[in-house]
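The values are calculated or read from the model by the stated rules, or taken from the named source; none is laboratory data. Everything quoted here is computed from the prediction, not taken from an experiment. Methodologically, a virtual Cβ is constructed for each residue, glycine included, from the backbone with ideal geometry; neighbour enumeration extends over all protein chains shown. Just the protein is used for accessible areas: all its heavy atoms, side chains included, with ligands, DNA and RNA removed. Shrake-Rupley method; radii C 1.70, N 1.55, O 1.52, S 1.80 Å.
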Amino acid sequence: MTEALMIKQLNYRRNQKQLLTDVNLTLPQGQIVGLLGANGAGKTTLMRLIAGSAVNFRGSIQVGDAGDAVARKAQVSFSGMIDGFNPNWRVGQVAETLAELLADFRGEDFYQLCDLLGLDQKQRIKRLSKGNQRKLRLAVTLSRRAQLYLLDEPFDGIDVMTRKAMLNSILKWAPELATLVISDHHVTDIEQLLDQVVVIKARTIAAQAQADDIRAQGQSVEQYFESFFGGDLDD
Amino acid sequence: MTSFKQVWWVMAKERGRQLTQLLGIDLAVVVVLIVMRLIGRLSAIDLVGFTTLMALITAVAGFVAMAQSQEQVWVTNRWRLIPVANWRLYLASTLANTLAIVLLWVVLGVLEIGIATLEGFGVDGSVWRDLANGTLPFLAIVLAFTLLLWSLISLAHMLSLVITDFLPGTQGKWLRRGLTFIIVLVALKLVDWLFTGMAWLIEKLGISPAAFTYFGGSVMAFQGSVVADMWLAVGMVSLGAVVLSVINCYLLAHWVETKQLQQMA
């Protein structure tokens with residue numbers, strides 16, 4: 001089976017601080033993976049490195065067959081892509097521009113996702129509520145035909161109904177062979193979605209396990225995750 | 001992969017839109033001035049003077065707006081996550097800026113010439129002779145200097161980002177501001193060295209220093225003796241812009257990362 005993501009000996013340092021140390025991680029195709037960790041553990045940093053937002057690292061990151069940064073960007077759809085759009089723009093304008101810039105961006109999918117999530121395409125970005133801004137992130141990310149999707153804390157601060165709508169769209173829109181990595185520290189939100197769990201602790205990968213194996217041991221994913229922290233989730 | 005043309009086209013449209021807004025403000029003021037002239041509140045010379053001043057302000061504002069847009073490209077995911085090589089992204093941004101600013105200058109120029117002609121400060125044969133001789137290379141020098149300044153701004157910005165990444169994260173914003181100030185000083189020193197180098201080259205190549213100035217260029221152009229030197233000057237300033245751009249592309253590819261924004265929600 002081709003690997004969706006292969007990271008070897010990844011080290012990343014910034015502001016005189018080691019942010020990731022000796023990260024080794026391999027993810028297969030077609031799985032939904034929970035990247036779980038406490039605040040400041042390095043989840044967002046790891047996603048930024050995979051996506052290509054952060055560049056100055058040691059080690060190697062490969063997405064599918066793509067090793068160099070440009071090829072990797074063509075294979076990864078990151079929820080941070082929306083950062084940098086003019087807040088005065090309307091939702092529809094964002095999609096139009098991305099469709100011009102990204103060969104794999106499906107405008108039709110975006111509009112259908114907007115309908116599914118109840119997102120008004122004529123609304124200006126700055127006028128969107130917190131929940132709707134999260135939905136926009138999700139819609140933009142899932143509208144690409146990528147090998148690897150990176151969703152960075154998509155449900156943070158989102159109410160239950162919005163969360164359900166977003167979870168449904170993830171299940172419906174994630175391409176079968178694609179791998180989805182969802183980072184979160186509220187495990188209950190995503191527990192039922194996950195095929196695999198990766199725990200990041202103290203700036204490195206602390207564990208990687210199949211969700212079914214965890215459940216077979218009589219544990220919930222949340223209990224499994226919490227066992228690494230002993231109740232203290234501030235890293 | 002995204003092609004250079006796709007990136008350039010989207011950038012050019014956005015920058016064009018930005019400058020159209022500035023042009024709209026300029027036109028609104030010009031219309032008010034024309035109305036004042038029609039009702040006799042403004043003399044012909046005042047109309048031409050004020051519209052020229054507005055055109056200059058608009059051109060400077062356009063330069064600043066383009067620089068700002070360019071700097072945002074280097075640090076936002078929106079642009080940096082497009083699957084295109086960094087040097088292509090840099091080139092696309094610079095060319096989009098160039099096209100937009102040149103179009104702005106052309107529109108402002110046509111407007112100014114139109115108003116001046118209507119007010120009897122007409123364009124006679126000498127202007128076209130100037131255009132063929134001194135004015136064209138002069139405009140090319142202005143454009144080359146504009147490119148040089150944009151690349152210098154990018155260099156100062158990128159260096160401040162790279163150096164900040166090496167400093168402890170706990171340092172406050174004042175340290176970063178101080179650092180930016182020092183980088184600007186260093187950048188200005190770099191320009192000083194660049195010009196010293198150019199002066200040395202000018203002397204060695206026997207180029208008239210008048211080639212760098214409109215007055216000198218224009219006057220001497222009538223004598224038909226300095227135009228070639230002016231084009232050489234254009235080449236040298238452009239070379240400076242290219243050298244800085246190569247450094248910027250290197251920094252962009254290996255060191256400059258996007259801002260980690262607080263999630264917008």
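Per-residue ellipticity at 222 nm computed for chain A from its helices equals -9500 deg cm²/dmol, with DSSP H segments shorter than 4 residues left out and the rest contributing -39,500 (n - 2.57). The mean sequence distance of close C-alpha pairs (under 8 Å, at least 6 residues apart), as a share of the length of chain A, puts its relative contact order at 28 percent.
Work out the mean other chain Cβ neighbour count within 10 Å for the residues of A:71-84 and drop it here as an integer. Taking the mean over all residues of the peptide, I get 5.
Eigenvalues of the alpha-carbon gyration tensor of chain A, scaled by 5 and square-rooted, set the equivalent ellipsoid semi-axes at 27, 21, 17 angstrom, largest first. With a threshold of 30 Å on the Cα-Cα distance, the over-threshold entries among A:Lys135/A:Lys201; A:Lys43/B:Lys5; A:Lys164/A:Lys201 are A:Lys43/B:Lys5. In terms of distances greater than 27 angstrom between alpha carbons, the cross-link table entries A:Lys130/B:Lys13; A:Lys130/A:Lys172; A:Lys8/B:Lys259 yield A:Lys130/B:Lys13.
Residues A:Tyr149, A:Tyr111, sorted by accessible area with the largest first, give A:Tyr111, A:Tyr149 [1.4 Å probe; ligands and nucleic acids excluded]. Ranking A:Phe229, B:Phe4, B:Phe166 by solvent-accessible area of protein heavy atoms (1.4 Å probe, all protein chains present), from largest to smallest, gives B:Phe166, B:Phe4, A:Phe229.
Between A and B, roughly 3300 Å² of accessible area is buried in total, ligands, DNA and RNA not counted and the probe set to 1.4 Å. Under the convention that each Lys and Arg Cβ holds +1 and each Asp and Glu Cβ holds -1, the size of the dipole of region A:3-226 around its Cα centre is about 900 debye. Peptide B:73-79 has a mean shielding of 5, counted as Cβ atoms of other protein chains within 10 Å of each residue's Cβ.
For the protein assembly as shown, the solvent-accessible area works out to 47 Å² per residue, with a probe of 1.4 Å and every protein chain left in place. Divide the volume of the convex hull around the Cα atoms of region B:1-121 by the residue count and you get 86 Å³ per residue.
Accessible area of A:Asp65 (1.4 Å probe, protein heavy atoms only, ligands and nucleic acids ignored): about 140 Å². Of the solvent-accessible surface of the protein assembly as shown, computed with a 1.4 Å probe over protein heavy atoms with every protein chain present, carbon and sulfur atoms account for 61 percent.
Candidates B:Leu47, A:Gln219, B:Asn97 compared by Cα position along the dipole of the protein assembly as shown: farthest toward the positive end lies B:Leu47, with charges placed on Cβ.
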